[in-house]
Each structure stands twice: as C-alpha cells, then as structure tokens.
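*Asks:* Structure in structure tokens, see below.
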Amino acid sequence: MAFGKGHHLHLIDGSAFIFRAYHALPPLTRKSDGLPIGAVSGFCNMLQKYVEGNHGPDAPTHVAVIFDKGSHTFRNEMYDQYKANRDEMPEDLRPQIPLTRRATEAFNIACKEKEGYEADDIIATLAVQARDAGGQVTIISSDKDLMQLVGDGVVMMDAMKGNRVIDRDGVFEKFGVYPERVVDVQALAGDSVDNVPGAPGIGIKTAALLINEFGSLEELLDRAEEIKQPKRRETLIEKRDQIELSKKLVVLDDKTPLDFTLDDLEVRDPDPDKLMPFLAEMEFRTLTKRIAEALDVEPPAIPDTTPEGANPPAGDAPDLPGMDASTYECVRDLEALQSWIDAANEKGWVAFDTETTSLNEMTADLVGISLCVEPGTACYIPLTHKAEGGEGLFGSDDLAEGQIPLEDALAALKPLLEDPAVMKIGQNMKYDAKIMARYGVSVAPIDDTMLMSYAMNAGQHSHGMDTLSERYLGHTPIPIKELLGSGKSQITFDRVPIDKATPYAAEDAEVTLRLWQMFKPQLHQVKVTRVYETMERPLVPVLAEMEMAGIKVDRDTLSRMSNAFSQKMAGLEDEIYELAGRKFAVGSPKQIGEILFDELDLNLPDGKKPSRGKSGNWSTGADILEDLATVHDLPRRILDWRQLDKLKSTYTDALQNHINRDTGRVHTSYSIAGANTGRLASTDPNLQNIPIRTEEGRRIREAFVAEEGKTLVALDYSQIELRILAHIADIQALKDAFKDGQDIHAATASEMFNVPLDEMTPDVRRQAKAINFGVIYGISGFGLARNLRIPRSEAQGFIDRYFERFPGIKAYMDETTEFAKKHNRVETLFGRVIHTPEINAKGPRAGFAKRAAINAPIQGTAADIIRRAMIRMPDAIKNLPAKMLLQVHDELLFEVEKGAEDDLIATARDVMEGAADPVVHLTVPLVADAGQGANWAEAH
DNA sequence: TCAGTCACG
DNA sequence: GACGTACGTGACTGAG
C-alpha cells in the first residue's frame, strides 16, 4: 500500500545524533586496535533506545535516518560564507562518520543522504511529501532550523529532552511566531552557528516583534521607513539585500530530487544477522548483550584482545572470565561458612556485602551476608529470611529453613571482619559498616570501590555499583526490582526466597571484588592514591560514627512551630483568595502564574511579563514576585505563604518523622561520593540546609538541642573559600587583609573604589561582597547585574575594575580554564581530581563547564581541608567528653559535656586551623570561629 | 517522573 | 552581536 493516510513517518536527524553522542561520551576506543568509537557507541545506544521506545498506536510505519553529505551545498553558491565559521570536525570523530551509516543499516533502518544537500533539505522534502499524501510526520531533532516545517500533521520531537514534542505552540514559544513565519524571524535574527548574517543588532525577540507587527518579512522591508527606532530603521533599509539573502539561506528546499520514495522507508524488523556482527565488530560488550537479550538471540562472543602490556583504558572489560551465577554457593551451615572464612584468611582480603530490610542503616535489619574471595567463586549466607507463604497479609513471621542462626554466624564472622590482617572490600562500605556496628561487629580495615571510583572519576559518571559494573565490567547486575518489585507491592529483602536472593547477593560481592582488582592498580596511574588513602578511605569510620551519634531534636518545639505556621498560612490564604478574586492552590506555581499574569494581567515594574519555563508556565520565582510586589499586594502574600509552607513541610513537619524511635535523635546520612567537588552531601534528612538566613527560619535551629548536661559547640571556617582563592591566585592585597584580620569585603571595596576603610558604607561593602562571591562562582556581568539588581553595564564595570585591581584573579581564571580545556580536568591543592568533560563542548554548555571548572578547585580545596580536619578530629578529642555530630561544608557541630566546652573549642580549633598542614602550606591563615549554647541557634 | 521552587554553604 | 549565565547540593509540591 502506498504511503498515505494512517501512515506515520519518522525522520531522524542523524548528524544531530552523532554530535550529541560524540560530546556526551568520553573518548572510548576499540580495545583491539584503538579505533575511536565513542560516538558510534553513543549513536548505537540512541538508536537502540529509539527502537525500544517505538510501541503503541503512535509507532511509526515508516522511518529514515537522514545525514548531511559533503560540505559544499547550493547555499555556498549563494553565499560563500555559509557555515564558514564552523570548526573543523574533531580528528577522532572523522573516522566514526562512515561507521554511523553502517550502524544505521545494521539496525535495519533506512539511511539516506544526498551530495550537495543538507539533511535538513531532505527532511523537508520527505516531510512535505508525507504531509501531502495525508500521513503523519515526526521529525526527531532539536534543530531550530527544522521548526519551519511544523504544522499540518508535522511535529518535532526532541529525543534528547525526554521525547518532548514540539508542535505549533512549541514553535511559537521558541520563536515568538508560528512556523510559517519562522524563516522571516530567522532571516532577521541570523544564525551564528550557520553564519547566516541576518540584520545586525536584531535578535530573535526583536525579530518576532517586528514580524508580528508587520505580518511578514516582505511587508516589513517594504514599509521599513515606518519604524520609529532610527538605528533599527536604518539597518533594515541598508541591509535589505543581506536580509533577503539570509532568508534564502534559511528556507529549506522541499523539492530536493530524491532517488527513492516514501514507500522505500517502511519500518523493517531488526535483523539479528546484520546487527549482531556489527556490534561485535565494534566490540560493544554491554550493548551487544542488551540487544541480544531484547531480540532473544545468543550474543556473539567478543574476544578480549588487549595488546600485551597496554594499560586498559577506562571503560573496557577486565581480562577475566565472565560472571556465572551457577557458581554461587548458598552457605547454610557453619562448616561451609568456616571454609569461606578460611579462604578469606588465606587470601588476606574478602569482598563483603550485606543484605538488609531497608536502605536506612539506623533501622535496617540484617538479612544476609555475601562474600567473594576471587572472581568466579562467591557465596551468600542467608540469615534471617522469612519462610514463604504463611498466614496473614504479610506472610509468615517464621524464619525460613536452612539458615545458620544469626548469632552463630556473626560469632564466626566477627574475628574475620575485625582482623587487621584481612582487607574487607565493599561498595559503599559506610552502609555495611554501620549495619554491622549495630550487631556488635566493627568492620576494619576496609577498602571501598565506590570511593576508589570517586577519587579517579569524579565528574565523569556516578559511582553506584550498577554504573561501575556496566562501565568497567561490561556486566549488568540483576536489578533489585526483580526481587523486591516496586511501588505499593514492594517487599523487603527478608521476604525474598533464598534461592532468588543467592545469585543477586553473591553477584554483588563478586562485582565488588572485580572492581577492586581493576581499580586498585589504577589509583597510582591516575595519581590519586594519596587522595583516596588520606581523604576518602579514612573518612568512612568518622562519618559512620557521626551518623550513628545523631543529634537530638525536640519534637514538641517542632510541633508547636508547625501549628503556628498552619495558623499563619490559613490567614494568608484568606487574604490571597480575596486579592486573587477566587480560590486556587497557592502551592501551584502554574496557577499562581495564571492568576497574576493572565487573570490580573500584572506586569513587572519594567512593563514586561516574566519569562516562561520549559513547560510554558510563567516564572513565579521569588525574585520575580519580589519585583512584582511593588505593583500589587498579592505577590508579597504569596512569598510569605511560600516561606511558611517551606519551613513547615520541609522542616517542622518532615524532621519530626526523622526522629529515631530508639535513640530519640535524628540521624542523617552523608554521601561521600555524591558531589563532584569533594563536598559531602547530607540526605534523609538533609541537615546541611537547615534555615538560618531569615529570623523565622533560624528559629528551627532552636529545636536542635544538646542532651541534658551537655552543650552544642559549633566551629566554622571564616571565609575559607576566599582565603583559598587569595592563596591560589596569590593576591597580596587580599592575603594582607586576611593576615591583619580585616573585614575582607570592606577591604575589597576599599581597594576597588578607593574608599578608606573608616568611610566605608554598608552599601559599597555589600556590592564588594557580591563581587567576591561572584568571582568564586565564575563571574559574569549578567549574573552580577541580576544579583545586585543594577544595570548590566554597571556590573561589567565593577568586574573590569576588580580584575584591574586584582589581575592575579583574572590570571587564575584563565589558567584554570586553559588547564581544563587541555586536560579535561581540574585539581584541588591536595590533588583531588575533578573531571570537566563538557569544557570543550559548544554552546551554552561550555559556559556552565567553564564556571564549574573555575569554582571546583576552590570549593574542592575547602572540602579537602574540612575532610582532613574531620579525619584527625576523633583522635584529637578522644580524651574529651565530646562527639562530633554534623558537618555543614565549612562548619563542624559538636556535643560536649558541660564544663569541657572551652577545652573542646581550643582543641577542635587547632585541628581545623591546621588542617592543610603539612601537605599544603597556605600563605593565608585559616580561622575557625566558635560558638556554643543549649541549641544550634545559640551555638552558631 | 519532571519541573519549579527554595533551603543551605 | 547574541546566546544564556553566577558554583555546589537535597526535599517538597503539583501536574502529567
């Protein structure tokens, strides 16, 4: 049947896929010969994901991947500068281009290109043909040049952004005009990427404004004399030719002569005989396996052919036999357990993993333990699995048959787990160590594969076991969901039948051991052994202690505050409804936007509406509402309500639920490998974002209290990041100010504006403070302007003057960016490596990456310093009646018996202020300020 | 599950 | 000349 009504054509922008794949992945190479294949790998992954997603009524009947061919097109005939500013294709991408064609063919998808034409023209031609035949078209691309085609059954879909569909309204959002006028806007605005000139000084927003006013580009150009703004009018008249040329360049050619028809694009089933050999040739281990499973065929063997003596680059499988679940042993009696213990003793190491009833270590019960001493042999020791079946909704309370009694097993394992001569290897050992601690076993010494990966690969990828296994072993572990289910019917691990639990649990231990064997020698190669040994590994027991100690939180205080907040909110709601003219959900930004900007039709003080978010809703963030508060009473009420809602839902209500039944305290969990910069992150609950900036919020800290007879003591580093900046960038004026103990923001202001310190006004100081912070974050004129609410030009002037006065800062920023571009990473003073894979990306992502690269050494060095202090702290305070409870990036919170406060402060201060020594000699002093009191509000 | 918002350093 | 813009996190909510 010929293509027509009821048919659905998918047109995939192949070049976009390639570039996205290239930039999203690290430079992988084929193991056997070093051929670069990162982009091909990503491309195949995207195709596979695409194919997997094609189900249901909307599935395509026809599909093609369209590529560009040749760099010289008919547009170059019209304008020789077209796309002339494009960078050369990266060297390691060029050889991959033909492979992406082959990949498309291998997936059995039509692959089309035409010499002298861009992919966009072919797409346009096919889309128009399909539309005219009465069919439906989806263009899979995010290229705005294609938006002119949308409408009449043609939509675009952005596969990179969760398959977001762009229809006529979506186009309007982007361009401010509907698809038929998109080329007019593009002709005016030009395009820096394609080097389309457009009209100088006119961007998309202005272009849309003009087109909407005059109806079309032609009309606009004919009546250009009517434009009021003189500059704009002149441009349009003078540059008429250039604008008309621009339009010709952006209009897609929908009459490309093609040597095939729509019917040739019919969707074909994947052909394993084509696909599997290709994937095997590329040596994609994980992908081959995944697709083989999906197609239900045997995956081809991929030989392991690392050349002798070569260092396996990250991302390749180790030279080990494959994993085999049938080799796993279920240990059911003490005799069998003892032989595993003997084996571990003999080796001197053992991979160790616990299975429990919950992810919360403070409440989880131990269900079983798995061990692995060498690849290929691992075991699971079930301990407290429940019997299957049984009465009642929740199954049996009896233990399953054939398990070693918990106490016997622990007694047998304890000497091994505590043996200083046997290394216990885990993935996120803090979790397992805390579980075991609650059963009276202190696991030591430990190695942690998650932390090894973090030390080597921060910024590259996350460090969970599934990620590491897939990436480095080419093996996808059994998903826990397969055992526990998900959602409402989820069960706990003790309800999993032992025969199902065994392969899962033993596999985790084996994966951990294999990762350890791979990572251990790599630490040296990447030169992060010291980072791992001195700032990661020793932190595990320290954090475990802090988390188990927890902090006392007074439920009554929180509960009273909750009630007070509720009442205030109820009052505010009445006023809000009154002002809005109707009832609505105050917690819904969408509805707030509709009320303020549609129904009340309010405008910001500058007469404009705010921007819209990704889903087309008005922005209603605090800064917008703050501005809007000058023209109406409603925004202020909403701001007040939001603040109370936040305090109540996130703090006074939620914290109560985190008070542990047994200890009466709140136990957070710190993730060591979460933040790329080396900072910790606190979760469940997050105790690193308890309010302090507003008086109302600050009172929540009154609920964090010391135990009877004790005091809370807080020490925080004063301006640690600015001190580090002064040291790294070697800014003498700042260093002197710190040495003299001056107010650093005032000193900065004085230096910048030539104002003597004793004549400093708060406002000038405030501005200098904003600049100081901005510098740490990779300042931009725009950002500073928005922060200080001053004109952009003025903000830029501040920055220029700042760099003039402190040229070392500018030099630091430039050098850091250069280093990152060259090495794809930056480093802290202590050698922590933070990868910056996006630093050489194009477009706005490069900006983000650059600022992150500037910030990372500063934030990361500060994180290193407090880590070092924390690691030394337990030993330093061991003779004091004190415990370290919390870390909040530059602050440590302790609980100490009354009377010992001053001793603790003196000791902890010494540790903190000397934490950089002896590895780094800072040329600025570190200063820790101290406070104390019955609660956290007083101590701070 | 995502987007929007807002709490912290 | 315009793009989109401070860095790093986690939790809660409404809406699809």
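The values are calculated or read from the model by the stated rules, or taken from the named source; none is laboratory data. All values reported here derive from a predicted model rather than from experimental measurement. Ideal geometry is used to build each Cβ from the backbone, glycine not excepted, and the neighbour counts take in all protein chains shown. Keep in mind that these areas ignore ligands, DNA and RNA; they rest on the heavy atoms of the full protein, side chains included. Shrake-Rupley method; radii C 1.70, N 1.55, O 1.52, S 1.80 Å.
*Asks:* I'd like to verify a number: residues in segment A:694-709 that are open to solvent by 20 Å² or more (accessible area, probe 1.4 Å) and assigned to a loop (DSSP other than H, G, I, E, B), how many?
*Replies:* Number satisfying all stated conditions: 4.
*Asks:* Something else: Just checking, how many residues over segment A:579-638 are within 14 Å of DNA strand C (Cβ to nearest atom), basic (Lys, Arg) and within 25 Å of A:Glu173 (Cα to Cα)?
*Replies:* 3
*Asks:* Sticking with this structure for a sec: I'm trying to understand the selection: among the residues of segment A:763-783, which are within 15 Å of DNA strand B (Cβ to nearest atom), within 13 Å of A:Tyr802 (Cβ to Cβ) and open to solvent by less than 10 Å² (accessible area, probe 1.4 Å)?
*Replies:* If we filter segment A:763-783 for residues that are within 15 Å of DNA strand B (Cβ to nearest atom), which is where we start, we get A:769-770, A:772-779, A:783.
Still in the running and within 13 Å of A:Tyr802 (Cβ to Cβ): A:769-770, A:772-776, A:779.
Listed by number, the residues that qualify are A:Asn772, A:Val775, A:Ile776.
*Asks:* Ok, one more. Working carefully through the options A:Lys821, A:Lys850, find the one that is among the charged types (D, E, K, R) and free of Cβ contacts under 8 Å to residues at least 40 places away in the same chain.
*Replies:* A:Lys821
*Asks:* Can you name the residue in segment A:664-686 that is aliphatic (A, V, I, L, M) and near DNA strand C (Cβ under 9 Å from one of its atoms) and, of all such residues, is surrounded by the fewest Cβ atoms within 10 Å (Cβ to Cβ)?
*Replies:* Only one residue tops the list, namely A:Ala681.
*Asks:* Sticking with this one: Return the residues of segment A:404-426 that are touching a residue at least 60 places away in the same chain (Cβ under 8 Å) and open to solvent by less than 30 Å² (accessible area, probe 1.4 Å); say none if nothing qualifies.
*Replies:* A:Ile404, A:Ala409, A:Ala412, A:Leu413, A:Leu416, A:Leu417, A:Val422, A:Lys424, A:Ile425, A:Gly426
*Asks:* Then there is this: A:Ile799 - would you say it is touching a residue at least 12 places away in the same chain (Cβ under 8 Å) and within 12 Å of DNA strand C (Cβ to nearest atom)?
*Replies:* Working: touching a residue at least 12 places away in the same chain (Cβ under 8 Å): yes; within 12 Å of DNA strand C (Cβ to nearest atom): yes.
Considered against the rule, which asks whether it is touching a residue at least 12 places away in the same chain (Cβ under 8 Å) and within 12 Å of DNA strand C (Cβ to nearest atom), A:Ile799 comes out as yes.
*Asks:* State which residue is farthest from DNA strand B (Cβ to nearest atom) when the search covers only segment A:630-649 and only residues that are in a helix (DSSP H, G or I) and open to solvent by less than 50 Å² (accessible area, probe 1.4 Å).
*Replies:* That would be A:Leu634.
*Asks:* Going through segment A:690-718 one residue at a time, which ones are out of contact with any Pro (no Cβ under 8 Å at 6 or more places or on another chain) and without any contact (Cβ under 8 Å) to a residue 60 or more places away in the chain?
*Replies:* A:Pro691, A:Arg693, A:Thr694, A:Glu695, A:Glu696, A:Glu708
*Asks:* Where residues in segment A:170-200 are within 36 Å of the chain's Cα centre (by Cα) and of a type in the set (Gly, Ala, Ser), which of them is farthest from DNA strand B (Cβ to nearest atom)?
*Replies:* Only one residue tops the list, namely A:Gly190.
*Asks:* Go through A:Ala103, A:Ala39 for me and flag whichever is touching an Asp or Glu at 6+ places or on another chain (Cβ under 9 Å), open to solvent by less than 50 Å² (accessible area, probe 1.4 Å) and hydrophobic (A, V, I, L, M, F, W, C). Before you say what the answer is, go through the steps one by one.
*Replies:* Working: A:Ala103 fails: touching an Asp or Glu at 6+ places or on another chain (Cβ under 9 Å).
After applying the criteria, what remains is A:Ala39.
*Asks:* Return the residues of segment A:60-79 that are assigned to a loop (DSSP other than H, G, I, E, B), open to solvent by 30 Å² or more (accessible area, probe 1.4 Å) and either aromatic (Phe, Trp, Tyr) or modelled with pLDDT of 80 or more (or both); say none if nothing qualifies.
*Replies:* A:Thr61, A:Asp68, A:Lys69, A:His72, A:Tyr79
*Asks:* Moving on to the next point. Could you grab me the full set of residues in segment A:553-571 that are outside any helix (DSSP H, G or I) and buried (at least 21 other Cβ atoms within 10 Å of the Cβ)?
*Replies:* A:Val553
*Asks:* Right, next: Can you name the helices (runs of 4 or more DSSP H) wholly within segment A:94-207 that have at least 2 residues being among the aliphatic types (A, V, I, L, M) and modelled with pLDDT of 85 or more? Lay out the reasoning, then the answer.
*Replies:* Numbers: elements: A:97-106, A:119-132, A:168-175, A:182-189.
In segment A:94-207, the matching helices (runs of 4 or more DSSP H) lie at A:97-106, A:119-132, A:182-189.
*Asks:* On to the next question. Out of all the residues in segment A:593-616, is one or more open to solvent by 30 Å² or more (accessible area, probe 1.4 Å), more than 12 Å from DNA strand B (Cβ to nearest atom) and touching a Ser or Thr at 6+ places or on another chain (Cβ under 8 Å)?
*Replies:* Within segment A:593-616 (the criterion being open to solvent by 30 Å² or more (accessible area, probe 1.4 Å), more than 12 Å from DNA strand B (Cβ to nearest atom) and touching a Ser or Thr at 6+ places or on another chain (Cβ under 8 Å)), the answer is yes, since at least one residue qualifies.
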